[in-house]
Structures are given as structure tokens and as C-alpha cells.
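First comes the structure, then the notes that go with it.
The values are calculated or read from the model by the stated rules, or taken from the named source; none is laboratory data. All values reported here derive from a predicted model rather than from experimental measurement. In this analysis, Cβ positions are derived from the backbone assuming ideal geometry, glycine residues included, and neighbour counts consider all displayed protein chains. Side chains are part of the model used for accessible areas, which takes the heavy atoms of the whole protein and leaves out ligands, DNA and RNA. Shrake-Rupley method; radii C 1.70, N 1.55, O 1.52, S 1.80 Å.
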Protein chains: 2
Amino acid sequence: MATRKVNSTYTRNEQSLFECDLSYAINKIGGRWKLQILSMLENRTLRFTALKKEFAFMSERMLTLQLRALEQDGLVKRTVYAEVPPRVEYELTNTAMELWPILNQLSQWGSKQRSSHREL
Amino acid sequence: MATRKVNSTYTRNEQSLFECDLSYAINKIGGRWKLQILSMLENRTLRFTALKKEFAFMSERMLTLQLRALEQDGLVKRTVYAEVPPRVEYELTNTAMELWPILNQLSQWGSKQRSSHREL
DNA sequence: GCCATTACTTACAAATTTGTATGTATCCCA
DNA sequence: TGGGATACATACAAATTTGTAAGTAATGGC
């Protein structure tokens, strides 16, 4: 989530990953809190403070980083209002909304898998 | 991928994640090489050495760890033949196969998203 | 007895991600 | 003049993940 060395084996390996559309997709939504954030923004626009309140368990830093990543990836739209104190609003893009039907299926798979595969 | 401290904030936070079926699902397939491995095993059974050859870029250690995780999660079936030298074969479980239609959609989303959102 | 093969395991280091705490800029209000 | 609110940014440490290199057990063949 921070800047990376450019030539480590780790990074080089990741290059090949990006050649696969599936891995590409998973990477966009696989961040630690990204799904939570996307869920929270479903059907509404929230400002930074509101998100912060909802996600009290998440550090402010992580919230910022994840939001930035989602913005970069075109899943979240960020709007800054030139006021004081500042106001910044976040909402989903169409691209992100297209994910829902797919994620719902994945969620159902998860639920089914979970109940049939208790690991306790 | 190794043993974890049990009471760090990081781990505590993760607990809440597991309460969500979607995050649960993403976690099962989100490992660094898991999708590659699952893809490789689609419609065939391979032994360890074969996988190792296919994934020359992946360290043997990681291959083992990812396979173990997939096995734990009920996505891959591991069969050991009591021979010498040993023979171990890996194949997908039904649960894993049920993922394909979903992953295909995700892949398509990725592809579309990618072409419309060039980051170079 | 010695070597090769297979499927790992282990120890340790390097890279990356996340958490914690503190700081910043702006302007309004008392 | 001194807060207070908002949306971050930054420094540093802790946790986690991944990579690298070397070792292991069993047995058949030379």
C-alpha cells in the first residue's frame, strides 16, 4: 500500500499476474478493506468523516489508502468541495456497480462453502 | 502464510472480516498464486513435480504453502501414493469447480474494466 | 555403499502491508 | 488571539508474507 521497490523478485512476479484478467480483477477488490468500503458505498454517497465513523475499527490511514486505491482503479469517485473545513465525498462508479451481481454470486458460494466446510 | 500471532490488532480485525461471506470467499481465492494453481488444475490431475515445472517462476515453498491452503479450504484434493519415490497428486474438488462460472464473469469484468481504464 | 528421485520441511532474510501517533492547512467563530 | 472542524500526510514500528538456500527420508539401481 506504500511505494514499492521496482525490481524485487516479488514485484517482477507480480507483473505476470497482471497479464491475467482474473488476477487483475481480484487485485482490484482484494485489498484488506476494499470490499467493506465498496459495500458501504452501495447506493449512497458518503463523505470521509462518515466513512471514518462507520469503520471505527479501521485506521484512518488505511481508510485513506484504500480509498485512494479504489479511486485509482476507477471504482470510486472522489469529489472535493472547495470549502472550509474541507468536504470530500465518495461514491461508486458505474464500473463498481457492475460488480455487484458477480460479487453476490461469490458471496453465495462463500456461504455455501462455509456451512459445508466448518473448520472448527 | 506462516503461523500468526493470535492477538495483534491485525488478526483481531481479520476476525470481523470472516463474518462476511464475500470476504470469506475472496480470502480463499485471493492468495498470491491460488488462482494460477486453480486454473492449472482445471480439468486435470497433476502431481507436485508437474506443477513445479509449470510454475517455474514460483518458489517451491510458495507452491507448497498455497497448495496446503487450498487443500485446507477444500478447494483442492491431495492424494498421496505410498511409493518410493513418493507420488502426490492434486486435483480440484467439486466446490472449486463451482467457482468457474463466477470467476469467468469476474474475468470478463476485469477485461472490460482494463481496456476502458488504461493506466499508462 | 553411493547416487538419484520425489515431495516436501526448515531457517533465515528481504519485501510488503498495516498500525500508531503526531502534524498540517484553511477559515470561521467566540 | 485561540480554538475547532475536516481531510488528509508523514514518520516510524510491528506484523505478515514471500523469497532463498539448504536439508530430509525412503528406496531402487549401479
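What the table below lists for this structure:
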quantity: Candidate set: segment B:71-106, residues that are open to solvent by less than 30 Å² (accessible area, probe 1.4 Å) and among the small types (G, A, S); chosen: the one nearest to the other protein chains (Cβ to nearest Cβ); calculated: B:G74
quantity: For A:R32: the one exception among (1) within 14 Å of DNA strand C (Cβ to nearest atom); (2) assigned to a helix (DSSP H, G or I); (3) open to solvent by less than 70 Å² (accessible area, probe 1.4 Å); (4) out of contact with any Gly (no Cβ under 6 Å at 6 or more places or on another chain); calculated: (2)
quantity: Extreme residue, farthest from DNA strand C (Cβ to nearest atom), among residues of segment A:35-89 that are among the hydroxyl-bearing types (S, T, Y) and under 14 Å from the mean Cα position of the chain (by Cα); calculated: A:S39
quantity: Number of the condition not met by B:T49 [criteria: (1) surrounded by 14 or more Cβ atoms within 10 Å (Cβ to Cβ); (2) of a type outside the set (G, A, S); (3) free of Cβ contacts under 8 Å to residues at least 24 places away in the same chain; (4) within 13 Å of DNA strand D (Cβ to nearest atom)]; calculated: (1)
quantity: Segment A:83-105, subset among the hydrophobic types (A, V, I, L, M, F, W, C) and in a strand (DSSP E or B), residue farthest from DNA strand D (Cβ to nearest atom); calculated: A:L92
